[in-house]
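**Student:** This is the structure I want to talk about, given as structure tokens.
What follows is calculated from the coordinates using simple rules that are stated; it is not laboratory data. Since we're looking at a predicted model, the values are computed, not measured. Every residue, glycine as well, gets a Cβ built from its backbone with ideal geometry; the counts of neighbours run over all protein chains shown.
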Amino acid sequence: MKENRNLLDKLKSWLSIFTNKKTTKGASITLQVTWNLVLLFIILIVLGGSFAGGVGAGYFASLVKDEQIRPYENMKKDIYNYEETSELYFSDNVYLGKLRTDLEREEVKLEDVSQHIIDAVIATEDEYFYEHDGVVPKAIMRAIFQEVTNSSVQSGGSTLTQQLIKNQLLTNEVSFERKAKEILLALRLEKFFDKKEILEAYLNVSTFGRNSSGRNIAGVQSASKGLFGVNAKELNLPQAAFIAGLPQSPFGYTPYTQGGELKSPEGMEPGLTRMKTVLQRMFDDGRIDQKQYNEAVAYDITKDFIPRVESSVEKYPYLTMEIEKRAVEVMSLILAEKDGYDEVDLNEDSELKNEYKILADRNLRQNGYQIHTTINKEIYDAMQAAKDSYQYYGSDKVEMVKDPETGETKEVIEPVQLGAVLIENSTGKILSFVGGRDYETKQLNHATDTLRPNGSTMKPLVVYAPALELGAVAPGTVIPDVPVYLNPAKPGVPYPTNYDKRYSGLVSARHALKMSYNVPAMLTYKTIMNQRPAQYLEKMGFTSVIESDYQNPSLALGGITNGVTVEENVNAFGTFANGGKFIDSYIIEKIVDNSGNILYQHEAKPVEVFSPQTAWLTIDMMRDVVKSGTANSLKSRLKFSSDWAGKTGTGQDLKDTWFVAVNPNVSFGVWTGYDTPKALELRYKGIHHSPRTIYLWAHLMNAAYDVAPSIVDPEKQFQMPGGIVRRSYCAASGLLPTDACSKAGLVESDWYNAKFVPSGSDDSFADGRYVQIGENRYMALASTPEEFTSSGVLLSPKYFEDKYGIPIKDTTKLIPRLDRWGNLLVAESKLSENGKNPGAPSISGKDSLITWSKHPEGDVIGYRVYQKTEGGAKKVSSISAGHSLSFSAANGEYYITAVDIAGKESPPSNIIQLGKPPEKEQEVTTPPVEEKPKDPSGEGENKNPDGSGTAPGDGDENGDHEEGTEPPPPKNE
């Protein structure tokens, strides 16, 4: 109690200091001064702050003074104007890959993104995303302070909204002006867009390094597929954390090299460390719990990285590049038409066309279209494998090439290249193609871009089909295949010549096409050239025809100035399968935008070229090419049978080989040659050049058949249209058969267009007699013994000279192959006799065979064989000089005589003994043979009693024995 009282007294004593008047007065003054100083300091701070704020605001205003206020629609367009890679598709909606771009991106909706990736991005890049209005002042002040103090440790001051503004509306320039505009636009963007829209745009815009193909990627969908092979919706927590960490240093953290290979463990370490940082921030932000964090940190993310994947360009280089080229052409026309131009305008103005191609290319690469094509994946893949396994292309050749930059000449190895195209006739769809042996060797599509002469595959296109259409020819029209001289520069040199340098005489148009004879083709072409048949090529899609081609007879043989592509050539053959209508080939089926709207849909526009009758007749003629003509080797190589009609072709000096064929469903053609034109090997591994190409055709078609038999081997056949009739014709003229033609066995029949059937017969054809010496035939004289003659048709070459406007210098060439035309004789084929009796021949004998040599005198037409008898000798056979110079006989003594065209007979030859001679030999004196007096009738000597020709059996080509007159036997030697 006492102690408490003492403490109270001390407290009162201490407080008395403040109640003292003197003390109170002093304290009042001090407090007043202090308050005034504080008040002054506050005033100064407010004034300074206001000044600084005003200066800052003025500075900020000066930085953004040129930034126009952007309306909502403009900002929306710019924010969503990120490049999205267009997708490519095979037919039937089968995914192919991405269009080539510098940055691969695939758009995705926010609802299709894993919540893990959303949480990871927000925790890492903008933890206050859902609270701020576009900017975080504290973060901005911190960033400004660090910038002013040049701090070495920089912490991000940009929200997701600001990053989106920087990527889509501004540049990456580092300046206060750009930052001020970024802040202003971020605040404005937050007023127009909700958080979901901003986040979705950000996730599609951000870059994420490289994918497993080595391609640069942007957007979480491309990152998810490119790193882990899953959609963004399917990402697990560690995968999401890894992707969310990439935007800070996309190429430093990416697990893939530029070539698409996985980095080494050391190379992956920065990305793995960054992933753990992202997980830590997610945990600190409360977006994952301790268990999730621990499991994610311990997770081996490296096992989820997918191995290297070939891009569509790598796996399908020819196809991807072709689709890109054609898609640009389609899109350029779409854009041009929106501006009021059409295709003609673009083709006539190269600068305008190029301008729209640039716009189209940019459009396709930015807008994420779906480009659907006609290419059948199964057939395309099968054909690529087949072309790699084919073994008979031919040898590589060395070409010396001058480097345009250094001027040095270097050695380049060139392989035999190929181009092939498969087209559906009724639609024009290109179902498959082969662009070459190896894209790395030559970045050129040999199926669609290479222009080469098409050789004899041109014949049905510009010769026979146009001639059929114009009524100038029919399958049964007879055309001379003889030496002609159609090159004015070399009047004495035959031109054109056939491949084998041989001639077949009179042939039908069907046979000429079947065997690919050059002379009949050019003669036919000359008869219609004034009607400009090259126009049919242009109607069938040939883009390289120029005016000089219209005047060039060599066009008939494939001598087109600029060449043709494989696609054009094959596409033209489809005209015949389509009943005479040309349907242009195409690859781009449709283009669809990312909203599902069809921007382009292909529509076929058939062009009337030939009548159905012409188309079918051409098909029927080309069937023979495959059945028994130059492509007959196809049958042994093709594993299925179909109604094929086709044509082979060989370029000048063997620089190109072709085979094109059609059936009712598809057209398919193959070309082979070197990129630098040079002769192909005549034979390689024992196979001739033309069969090698046919075998390649069959090899590729068999591959297509294995995967799509119903497409390449339809059950139907080509159907004959109305207006086709069958008629007989004389194989020696192509006109209606005469009695003489019938007697000679030269009547044949074929199909005709009812409008152009033969309407008359040739009166210059008549019965006649001829003799044969070797392979040549000559008209018989009145005195020529009938035992050596045959009946036939006399043919006047003048008919063909007048029709084709050519002189036939060697008329015997009209019928060089006797087995084809039977008893046919050129009326001017006369044999001159020398006016004297032939000399005696010399014979020899062995066993039962008598033989002798060809008589040295050219007018000898045959030989008579005599056998000695007791009373003299008898004729046992007459043998034409066109047959074997021998005779098989029974035992006995024999001699022969030679007979000339005038009927004069030689003295007997020496006598030979066949078999064992008789025991007693009687010598016979043979008086000289007397020449019989000339028959006053002028009809020859050897007549039947009724005055008719030789009795049946005389002069038989098989040398049958026939007993005849008996001249006095010769004297024994």
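**Student:** Test of understanding: ordering PHE228, PHE576, PHE640 by Cβ neighbours within 10 Å, fewest first, what list do you get?
**Tutor:** Ranking PHE228, PHE576, PHE640 by Cβ neighbours within 10 Å, fewest first, gives PHE640, PHE228, PHE576.
**Student:** Something else: If R0 is 56 Å, what FRET efficiency do you get for ASP403 and SER842 from their C-beta distance, rounded to 0.05?
**Tutor:** 0.15
**Student:** Once you order the gyration tensor axes a ≥ b ≥ c over the Cα atoms, which shape class does the stretch 596-648 get: rounded for a/c under 1.5, otherwise prolate or oblate by comparing a/b with b/c?
**Tutor:** oblate
**Student:** Now a separate question. Quick one: SER206, SER249, fewest Cβ neighbours within 10 Å first, how do they rank?
**Tutor:** Exposure proxy ranking, most exposed first: SER249, SER206.
**Student:** Report the trypsin sites (Lys or Arg not before Pro) located in the stretch 633-691 that are in a DSSP loop and have at most 15 other Cβ atoms inside 10 Å of their Cβ, or state none.
**Tutor:** The qualifying sites are ARG637, LYS639, LYS678, LYS685.
**Student:** Ok, one more. Which length gain, in nm to one decimal place, applies between GLN535 and GLU681 when the Cα-Cα distance is subtracted from 0.36 nm times their residue separation?
**Tutor:** The GLN535-GLU681 span can extend by a further 49.1 nm.
**Student:** Given a Förster distance of 35 Å, report the FRET efficiency between LYS743 and LEU451 from their Cβ-Cβ distance, rounded to the nearest 0.05.
**Tutor:** Given R0 = 35 Å and the Cβ-Cβ separation, E is 0.10.
**Student:** Here is a follow-up. What is the gain in length, in nm to one decimal, between VAL607 and ARG502 on full extension, counting 0.36 nm per residue of separation less the C-alpha to C-alpha distance?
**Tutor:** Roughly 33.9 nm would be gained on extension.
**Student:** How far apart, in nm, are two points set 7 Å out from the Cα along the Cα-to-Cβ line at TYR485 and at SER888?
**Tutor:** Roughly 4.8 nm, to one decimal.
**Student:** Please identify every one of the GluC sites (Glu not before Pro) in the stretch 829-871 that sits in a loop by DSSP and has no more than 12 other beta carbons within 10 Å of its own beta carbon.
**Tutor:** Here the GluC sites (Glu not before Pro) that fit, given the DSSP loop and packing criteria, are GLU870.
**Student:** Okay, next question. Using 7 Å Cα-to-Cβ label points, what is the GLN652/SER350 separation (nm, one decimal)?
**Tutor:** 2.6 nm
**Student:** Same structure, new question: For the stretch 266-388, report the convex hull volume of the alpha-carbon atoms normalised per residue, in Å³, without decimals.
**Tutor:** 240 Å³
**Student:** Please pull out the direction-averaged projected area of the stretch 256-335, using the convex hull of its alpha-carbon atoms, in nm² to one decimal place.
**Tutor:** 9.1 nm²
**Student:** What list of ³J(HN,Hα) values in whole Hz, one per residue of the stretch 251-263 in order, does the Karplus curve 6.51 cos²θ - 1.76 cosθ + 1.60 (θ = phi - 60°) give from phi, with Gly and Pro shown as x?
**Tutor:** Each residue's phi maps through the Karplus curve to give 8, x, 9, 4, x, 10, 7, 5, x, x, 8, 5, 5 Hz.
**Student:** Going down the table (LYS233/LYS276; LYS501/LYS755; LYS377/LYS639; LYS639/LYS755), which pairs top 31 Å between alpha carbons?
**Tutor:** Cα-Cα > 31 Å for LYS501/LYS755; LYS639/LYS755; rest within.
**Student:** Here's something else I'd like to know. Longer than 26 Å from Cα to Cα, which of LYS459/LYS678; LYS590/LYS716; LYS353/LYS387 are they? Say none if no pair is.
**Tutor:** LYS590/LYS716; LYS353/LYS387
**Student:** 7 Å from Cα along Cα→Cβ at both GLU111 and ILE598: what's the point-to-point distance in nm?
**Tutor:** 2.7 nm
**Student:** Sticking with this one: When the chain is fully extended, how far beyond the present Cα-Cα distance does GLU295 get from ASP381, taking 0.36 nm per residue of separation?
**Tutor:** 26.6 nm
**Student:** Also, I was wondering about something else. On a 21 Å Cα-Cα criterion, which of the cross-link pairs LYS196/LYS291; LYS846/LYS868; LYS109/LYS291; LYS397/LYS647 come out too long?
**Tutor:** From the list (LYS196/LYS291; LYS846/LYS868; LYS109/LYS291; LYS397/LYS647), the Cα-Cα distance tops 21 Å for LYS196/LYS291; LYS109/LYS291; LYS397/LYS647.
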